[in-house]
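The values are calculated or read from the model by the stated rules, or taken from the named source; none is laboratory data. Values in this document were obtained by computation on a predicted structure and should not be read as measured data. In this analysis, Cβ positions are derived from the backbone assuming ideal geometry, glycine residues included, and neighbour counts consider all displayed protein chains. Quick note on the areas: whole protein, heavy atoms, side chains included, nothing else; ligands and nucleic acids left out. Shrake-Rupley method; radii C 1.70, N 1.55, O 1.52, S 1.80 Å.
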Amino acid sequence: MDYDPMVMDEALGPSVKITEAGAQHVDFELQNVDLAFANSLRRTMLAEIPTMAIDLVEIEANTSVLADEFICHRLGLIPLNSKNVDDVIYSRDCDCDQYCDLCSVTLTLHARCTGDEIMKVYARDLVVDNMRANQWVGNPVITDPEGLGTVICKLRKGQELRMKCIAKKGIAKEHAKWAPTAAVGFEYDPHNKLRHLDLWYEEDPAKEWPKSKYAEWEEPPQEGEPFDYDAVPERFYFEVESIGNLEPDAIIQQGIKVLQQKLAAVIQDLTENDGPANGINGGYDAPRSPDVGMNGQGWQDPGYTTPYGNGGNASAWGAGAATPYGATPYGQNGADGWS
């Protein structure tokens, strides 16, 4: 009995071939899917995988040369371990007033320079509270050989930092600090047989546009070969690089999981005939930012308020940089997020 290998491969469904793997990156080849699916997986891995990041900072003392907002922004971009992050619930789903052990992880930082030499404050100086969902979430990611981690700031003699950091669960679609990946490489058709790219050149495109390493894996176009208008991409090459908060294989698995949930929500909306969908997403609890739409109140913008709380002795700056005062200045139920 004769059979077509291409038809047999398509019947087997998507196939994955891992070409290179390491502690922080993985390269793989995806086949038997269309371009839309492959690109959807890439976008999901970039922007919709939940992770932990510092979202709220309560400053008790800061006598360094750096402003409060500057330090809070740096704290927000420190990668935090997000293994088993599903054990942490979103702030919008929690019944607490602002944060608690179920929806957040508390980290404290207290550093004071007492010597004449300049003192560097590192991510290792962040102390994680033991009251958290599991033993991994919230730990600063430290990968350098010295075990120091990211530099937060520098202090001279007499200068001090004392603050309380609240890490919450979120996604990179809200702010880049929740991104699990440093980069996601995505390529197909390395010889440009499909003409999806219009290569601008001055003299010779072959010299001015060097081929990628994947060009060796596919047959080059033959001289005088007619263009196939029905051809579609068949092989997709991914290069996923983690920032350390999630392992590369976990990023891919979580990306597939989120994509499945989004597709399930679409199917539910299309097949549901008994009434309107349950919620705007058809019952699917989509990943969102920590404080958007909490307790069913929706997004409410109270405007800006003074960043100084507690009689001017302390301030609670959000750790992001989307607004002048932080990434998420809006607190629960539409109230202002400043302490």
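Looking at (1) touching a residue at least 40 places away in the same chain (Cβ under 8 Å); (2) out of contact with any Asp or Glu (no Cβ under 8 Å at 6 or more places or on another chain); (3) open to solvent by 40 Å² or more (accessible area, probe 1.4 Å), which is the one condition that is false for residue 169?
(3)
Quick one: which of 131, 163 is in contact (Cβ under 8 Å) with a residue 24 or more places away in the chain, open to solvent by 60 Å² or more (accessible area, probe 1.4 Å) and hydrophobic (A, V, I, L, M, F, W, C)?
Result: 131 is the single residue among 131, 163 that is in contact (Cβ under 8 Å) with a residue 24 or more places away in the chain, open to solvent by 60 Å² or more (accessible area, probe 1.4 Å) and hydrophobic (A, V, I, L, M, F, W, C).
Which ones in segment 211-258 are over 15 Å from the mean Cα position of the chain (by Cα), surrounded by 13 or more Cβ atoms within 10 Å (Cβ to Cβ) and in contact (Cβ under 8 Å) with a residue 40 or more places away in the chain?
233, 234, 235, 236, 237, 238, 239
Let me confirm something: among 49, 54, 78, 59, which residue is of a type in the set (A, V, I, L, M), in contact with a Leu (Cβ under 6 Å, 6 or more places away or on another chain) and in contact (Cβ under 8 Å) with a residue 12 or more places away in the chain? Lay out the reasoning, then the answer.
Values: 49 fails: in contact with a Leu (Cβ under 6 Å, 6 or more places away or on another chain); 78 fails: in contact with a Leu (Cβ under 6 Å, 6 or more places away or on another chain); 59 fails: in contact with a Leu (Cβ under 6 Å, 6 or more places away or on another chain).
So the residue among 49, 54, 78, 59 that is of a type in the set (A, V, I, L, M), in contact with a Leu (Cβ under 6 Å, 6 or more places away or on another chain) and in contact (Cβ under 8 Å) with a residue 12 or more places away in the chain is 54.
Of everything in segment 178-210 that's without any contact (Cβ under 8 Å) to a residue 12 or more places away in the chain and of a type in the set (Asp, Glu), which residue is nearest to residue 226 (Cα to Cα)?
Filtering first and then ranking leaves 198.
So for segment 143-153 (the condition being of a type in the set (Ser, Thr, Tyr) and outside any loop (DSSP other than H, G, I, E, B)), does at least one residue qualify?
There is no residue in segment 143-153 that is of a type in the set (Ser, Thr, Tyr) and outside any loop (DSSP other than H, G, I, E, B).
Hey, any hits in segment 182-189 for a residue that's in the same structural domain as residue 42 (by the TED database) and part of a loop (DSSP other than H, G, I, E, B)?
For segment 182-189, residues in the same structural domain as residue 42 (by the TED database) and part of a loop (DSSP other than H, G, I, E, B): present.
Given the condition closer than 30 Å to residue 158 by Cβ and β-branched (Val, Ile, Thr), answer yes or no: does some residue in segment 34-55 qualify? Explain how you work it out, then say what you get.
Just the residues of segment 34-55 that are closer than 30 Å to residue 158 by Cβ, to begin with: 54.
Among the residues that remain, those that are also β-branched (Val, Ile, Thr) are: 54.
Yes, the conditions are met somewhere in segment 34-55.
Scan segment 96-124 residue by residue and report those that are under 19 Å from residue 64 (Cα atoms), outside any strand (DSSP E or B) and open to solvent by less than 50 Å² (accessible area, probe 1.4 Å).
113, 115, 123
Here are some conditions: (1) within 28 Å of the chain's Cα centre (by Cα); (2) open to solvent by less than 80 Å² (accessible area, probe 1.4 Å). Residue 194 meets all but one. Which one does it not meet?
That leaves (1) as the condition not met.
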